[in-house]
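The values are calculated or read from the model by the stated rules, or taken from the named source; none is laboratory data. Every value quoted in this text rests on a predicted model; they were computed, and no experiment measured them. FYI the Cβ positions are ideal-geometry reconstructions off the backbone, even for glycines, and counts take in every protein chain you see. These area figures cover heavy atoms from the full protein model, side chains too; ligands, DNA and RNA do not enter into them. Shrake-Rupley method; radii C 1.70, N 1.55, O 1.52, S 1.80 Å.
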Amino acid sequence: MKFAAFSGVFMEHSIQEAMLLTKRLGMDGIEIAVREHHLSSSISQPRINEIKALSESLNLEIPVLATYTGGFSTASDKECQQTFDEFQRLLDIANQLGSSMVRVSPGGPNAFKAQDYHYAKAAYWLNRCAEEANAHKVDIIMEIHNQSLIETVDSSLRLLDLIAYDNIGMIHDAGNMYITDTDYGRDSVLKLGKHLFHVHVKDELRVSEVGAPGTFTNVTHRGEEMFLQCRLGEGEADHKPLFEALLETGYAGWVTLECHAPFPAYERLAHDFQFVKKLMSPS
């Protein structure tokens, strides 16, 4: 396994500072959030060259461009075409930065609310994206995410069954799956099988009210619930069965740490990285 930091954790820093901090943490790479001021589809060529040069000088890989593009299931045809055009530009940027994966979202609503036509529309555009990505030798990854068509393993496989390309797979995210109240342990890894392309790691906790730093609300099958973003081991998303399954299955891909708990960015990622190392060490 190789470990990356999510640049979205470092949004208070420039992308250059985020890369330097990631290297200081001892990680292998950085997953760049395609969000200003770190990167966008309109980024200039000199900035692309600068990011690439810095990654090479630090020996820090950029395995993923974590875009916020997609949302095909509920967008208009015009919006979908505009999104697809942006996606094509991002593929070119990914090639230049040596990124092998680009994140795309199919859209919502929650899987338990979604209709067949939501999956059909998302699949149509994702097939187009996958065909284009295939020509660039890039994989598309979709994050198992609460309040989306793919908030469980089963709903993810439902969408993948409609896609004709094998260069599109899933990001396992135990924190998101805890929110959704679905299995995120060993069975989830085995069930995803070959469709598991990438892993995100963060912790969450159900709480009784919002207002404190790090709290937020989400709609789940229980209704509106409240959560607190936590450092690993301080919430309720038990990652031990996940890492045991990753080791058992010989997972050799990337794991991105993306803790958004209300602590300084470097401090919370350092905490989570040490926690993961302990999870992986022989007991």
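Assign unit charges at the C-beta atoms only (+1 for Lys and Arg, -1 for Asp and Glu), then state the dipole size of the chain relative to its Cα centre in Debye, rounded to the nearest 20.
Dipole size: approximately 380 debye.
Leaving out ligands and nucleic acids, and using a 1.4 Å probe, what accessible area per residue does the stretch 66-176 come to in Å²?
38 Å²
For a quick check of your reading of the filter: which trypsin sites (Lys or Arg not before Pro) in the stretch 76-173 sit in a DSSP loop and have no more than 16 other Cβ atoms within 10 Å?
Qualifying residues, ordered by number: K113, K137.
Quickly estimate the mean residue ellipticity at 222 nm for the chain, helices only: each DSSP H run with n ≥ 4 gives -39500 (n - 2.57), and the total goes over all residues, rounded to 500.
About -12500 deg cm²/dmol.
In the stretch 18-155, with Lys and Arg counted as +1 and Asp and Glu as -1 at Cβ, which of these residues, L149, H136, N95, has the Cα nearest the positive end of the dipole, that is, farthest along it?
Most positive-ward Cα: N95.
Counting only C-alpha contacts under 8 Å and six or more residues apart, can you give the relative contact order of the stretch 1-81 as a whole percent?
About 31 percent, as a whole number.
Sorted by accessible area (1.4 Å probe), largest first, how do Y178, Y117 line up?
Result of the area sort, largest leading: Y117, Y178.
At M280 and K191, where each label point lies 7 Å from the Cα along Cα→Cβ, what is the point-to-point distance in nanometres?
2.6 nm
Sequence gap at least 6, Cα distance under 8 Å: using those rules, report the relative contact order of the stretch 117-167 to the nearest whole percent.
Rounded, it is 45 percent for the stretch 117-167.
May I ask you to compute the full-extension gain from S57 to F112, defined as 0.36 nm times their residue separation minus their alpha-carbon distance, rounded to one decimal in nm?
15.1 nm is the gain from fully extending S57 to F112.
Got a number for the accessible area of D187? Probe 1.4 Å, square angstrom, nearest 10.
Approximately 100 Å² for this residue.
Can you give me the % of accessible surface on the stretch 1-138 that is carbon or sulfur? Probe 1.4 Å, all protein chains present, nothing else counted.
The computed percentage sits at 47.
Considering Cα pairs under 8 angstrom that are at least six residues apart, work out the relative contact order of the chain and quote it in whole percent.
Dividing the mean separation by the residue count of the chain yields 16 percent.
Which value, in Å² and to the nearest 10, is the accessible area of K23 when all protein chains are kept and the probe is 1.4 Å?
That residue has around 80 Å² of solvent-accessible surface.
List the residues whose amide H sits under 5 Å from the amide H of A33, counting only those 5 or more places along or on another chain, with H placed 1.01 Å from N in the peptide plane.
The answer is S7, G8, A66.
Between I48 and K137, what is the spin-label point distance in nm, taking each point 7 Å from the Cα along the Cα→C-beta axis?
Simple spin-label model gives 1.7 nm for this pair.
Taking the Cβ-Cβ separation of N218 and D166 as r and a Förster radius of 22 Å, what is the calculated FRET efficiency to the nearest 0.05?
The value I calculate is 0.10.
With every protein chain left in place, what is the accessible area per residue of the stretch 220-283 in square angstrom, probe 1.4 Å?
Accessible area per residue: 48 Å².
Read through the labelled values [x] 39, 37, 20; [y] 26, 25, 18; [z] 42, 27, 14 and report the label of the one computed as semi-axes √(5λ) of the Cα gyration tensor in Å from the structure.
Computed from these coordinates, semi-axes √(5λ) of the Cα gyration tensor in Å corresponds to label [y].
What accessible area per residue, rounded to a whole number of Å², is obtained for the stretch 1-64 using a probe radius of 1.4 Å?
Accessible area per residue: 41 Å².
Only Lys, Arg, Asp and Glu count, each charged at its Cβ (+1, +1, -1, -1), so figure out the dipole size of the stretch 202-266 about its Cα centre, rounded to 20 debye.
Result for the stretch 202-266 is approximately 100 debye, rounded to the nearest 20.
So the label point goes 7 Å from the Cα of T249 along Cα→C-beta, right? Which residues of the stretch 1-35 then have their backbone N under 19 Å from it?
Once the point is set 7 Å along Cα→Cβ of T249, 1-4 turn out to lie under 19 Å by backbone N, inside the stretch 1-35.
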